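The values are calculated or read from the model by the stated rules, or taken from the named source; none is laboratory data. Note that this is a predicted model, so its numbers are computed, not measured. As a convention, Cβ positions derive from the backbone with ideal geometry for all residues, glycine included, and neighbour counts pool all protein chains shown.
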Amino acid sequence: MKPPTTLRTTRAEILGTVLVIGSAFAQPVLPTTTWEVRNPETRPAGRWGHSMAFFEPLGAVAVFGGGGATYDTSIWLWGGLSWAEFPSSGGPSGRFWSGLSTDLRRGRLVLFGGSRVGLPLNDTWEFDGSRWQEILPTQRPEPRDLFPMVYDPLRQNIILFGGAGVRGLLEPLYDTWTWDGTNWTRRATGPNPRTSHAMAWDGASGRVILFGGNGPSQAFGDTWAWDGTAWWLLTPPVSPPARGLHAMAWHEGRRRVVLFGGRGAAGQLLGDTWEFDGLAGTWQQVAPVQSPPPNLFPEMAYDRLRSRIVLFGGLTGSSPSDLTWTWLDRTLRAAPARPAPGQVVALHLDSPADPGRGYALACSFMRGPGLPVFPDGRVVSLTPDALFWWSLASQAPPFLGFLGALDALGRAQASILIPAEPALIGLVWFVSGVTFEPGSPRTILNEVGLSISAP
């Protein structure tokens, strides 16, 4: 099976909007931070108890395990627009609540533990992009489930803490382990024994952040930091309510750890979103325009290729979810949203985390069945200072592009004059924006998978 295509020559972040000339259809404008639901036709079955991590070699978010009525042994890969199933024969058995993390140094997806038919496991597996291999270290943690694993890029190892061992939820674990690619090493103890907690790498402070979890008789609302040697209890002035069974992930673009969902101390489902600033040591609740429903067992991972946090699955009430959500922090707006022939459209790219970074804006029309075209194939100039080609008689979609650098606030603007041609009415216009790392090629690559929507 062919995995989702990836962008390998440069790191870029992409966002887009859809317009229809002379039509009432338009994609809603997204604010700087919001959850956006994605509903591709091909996707994993609804599930909970799964694990997620971004797998750099394939440029995709990987989901393994969990399930609804049955165990799933496939790897599912999210490539930014759709899911693809990667059958994995000869790999780990289907299971719930395992730890999953990418070893960036070695380019491996690492899985540990979990449970099957109620029995905790302690096997270690690695996936190299094509096949699984079981690793047999000389030392390993005791069997467990309901624990997180996180990669520490500074110390180049994977961190594991706590979980539910063979004695179950009444005697949760509080041991810390690191995986170096060869062996597991037991490290310092720290936070209270717990299960169902969440952890995330915090690139702002260079530490792993842990929040919440469940003890034998209480839900925790504390925040801890692992510095590679010891755990430190943090005392932010405001914190999310105590909870377990939530999800956390680091967002590199916003330089924040994002927390979502879980179950509160009174047993209630939670659907709130919080961000942790590792430099200031503070939590702040975010009020997005839209949000996933309250959710138990959601899983999140940061898609480094597309600068998005991806959330999938969980339990919303009694039903396992099959919805995919992304947490956005960059905005591309077009006004007016429903341009008519002869109107000027203003494009605004807002990427506050990227001041001075190079950018490209790409605009293309796609002819659809029954849409009129100019019979003479003439080239139409939309703006005198743009790099463009546009021939409605050609087989390729008409295209318009702008290149430049974002200003000190991470903003850029451009404008387009829509030709006063009635034949354009009904054409679908997809606008995409790309920002680039300094020094990387200013090229828009189709492998990113920008789609063109129809009215």
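General observations
- Conditions (1) small (Gly, Ala, Ser); (2) more than 27 Å from the chain's Cα centre (by Cα); (3) crowded, with 18+ Cβ neighbours inside 10 Å; number of the one not met by ALA230: (3)
- Residues that are surrounded by fewer than 24 Cβ atoms within 10 Å (Cβ to Cβ), in contact with a strand residue (DSSP E or B) (Cβ under 7 Å, 6 or more places away or on another chain) and in a strand (DSSP E or B), drawn from the range 303-316: ASP303, VAL310, LEU315
- If the condition is being surrounded by fewer than 24 Cβ atoms within 10 Å (Cβ to Cβ) and over 29 Å from GLY67 (Cα atoms), then the range 274-287 contributes ASP277, GLY278, LEU279, ALA280, GLY281, THR282, TRP283, GLN284, GLN285, VAL286, ALA287.
- Taking every residue in the range 338-350 that is surrounded by fewer than 19 Cβ atoms within 10 Å (Cβ to Cβ) and pairing it with any residue that is of a type in the set (Ser, Thr, Tyr), at least 6 positions away or on another chain, the pairs with Cβ-Cβ distances below 9 Å are ARG338/SER23; VAL344/SER415; ALA346/SER415; HIS348/THR331.
Table: residues versus (1) closer than 24 Å to MET52 by Cα; (2) modelled with pLDDT of 95 or more.
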| residue | (1), (2) |
| --- | --- |
| GLY215 | yes, yes |
| THR223 | yes, yes |
| LEU234 | no, yes |
| ALA242 | yes, yes |
| MET248 | yes, yes |
| ASP272 | yes, yes |
| VAL286 | yes, no |
